[in-house]
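First up is the structure itself, then whatever we jot down about it.
The values are calculated or read from the model by the stated rules, or taken from the named source; none is laboratory data. The structure displayed is predicted, hence computed values, not measured ones. FYI the Cβ positions are ideal-geometry reconstructions off the backbone, even for glycines, and counts take in every protein chain you see.
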Amino acid sequence: MLKLNAIHHVAIICSDYEKSKAFYTQVLGLPIIKETYRAHRDSYKLDLSVNQHSQIELFSFPNPPARPSRPEAQGLRHLAFEVDSVEQSKSSLESMGVEVEDIRVDELTGKTFTFFQDPDGLPLELYQA
């Protein structure tokens, strides 16, 4: 039987590499593991550490197709980050000019959460630990 241990990484394709790199490293504070430029593909791959177990791979490609709609498009709905305090994290993002939705309560778990977007409109979630 197949046994999955953890989610290793999430891959994101962005439209503006420098803008997204600044967002994920400066606004979200994710440390860079490795940055690679692949000349034959005219593409960057930026490996970012979320924690000791998870990573985000940020890719740039020439002319990637846009996401069809948000948040109910078929495929990945959103990426959620666990935080110690949704309220403090929301305030921190807002102080850096990021628009964040009102905090809500998950009706199934009683935990607080909220959504915001990356520079390409990818829905990102903060979820109370």
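Tabulated data for the structure shown
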{"read-out": "Scope region 96-129; condition more than 15 Å from Ser20 (Cα to Cα), of a type in the set (D, E, K, R) and buried (at least 17 other Cβ atoms within 10 Å of the Cβ); matching residues", "value": "Glu125"}
{"read-out": "Test: residue in region 12-30 that is assigned to a loop (DSSP other than H, G, I, E, B), closer than 20 Å to Glu99 by Cα and of a type in the set (D, E, K, R)", "value": "yes"}
{"read-out": "Criterion violated by Asp47 - all others in (1) out of contact with any helix residue (DSSP H, G or I) (no Cβ under 8 Å at 6 or more places or on another chain); (2) more than 17 Å from Phe116 (Cα to Cα); (3) loosely packed, with under 14 Cβ neighbours inside 10 Å; (4) modelled with pLDDT of 90 or more satisfied", "value": "(3)"}
{"read-out": "Pairs where the first residue, in region 109-123, is over 20 Å from Ile12 (Cα atoms) and the second is assigned to a strand (DSSP E or B) and among the acidic types (Asp, Glu), C-beta under 6 Å, 6+ apart", "value": "Phe113/Glu125"}
{"read-out": "Residue satisfying all of: in region 10-45; more than 19 Å from Gly121 (Cβ to Cβ) and of a type in the set (A, V, I, L, M, F, W, C); nearest to the chain's Cα centre (by Cα) among these", "value": "Ile32"}
{"read-out": "All positions within region 77-108 that are touching a residue at least 60 places away in the same chain (Cβ under 8 Å) and outside any loop (DSSP other than H, G, I, E, B)", "value": "Leu79, Leu93"}
{"read-out": "Odd one out for Leu30 among (1) more than 19 Å from His8 (Cβ to Cβ); (2) free of Cβ contacts under 8 Å to residues at least 60 places away in the same chain; (3) buried (at least 16 other Cβ atoms within 10 Å of the Cβ)", "value": "(1)"}
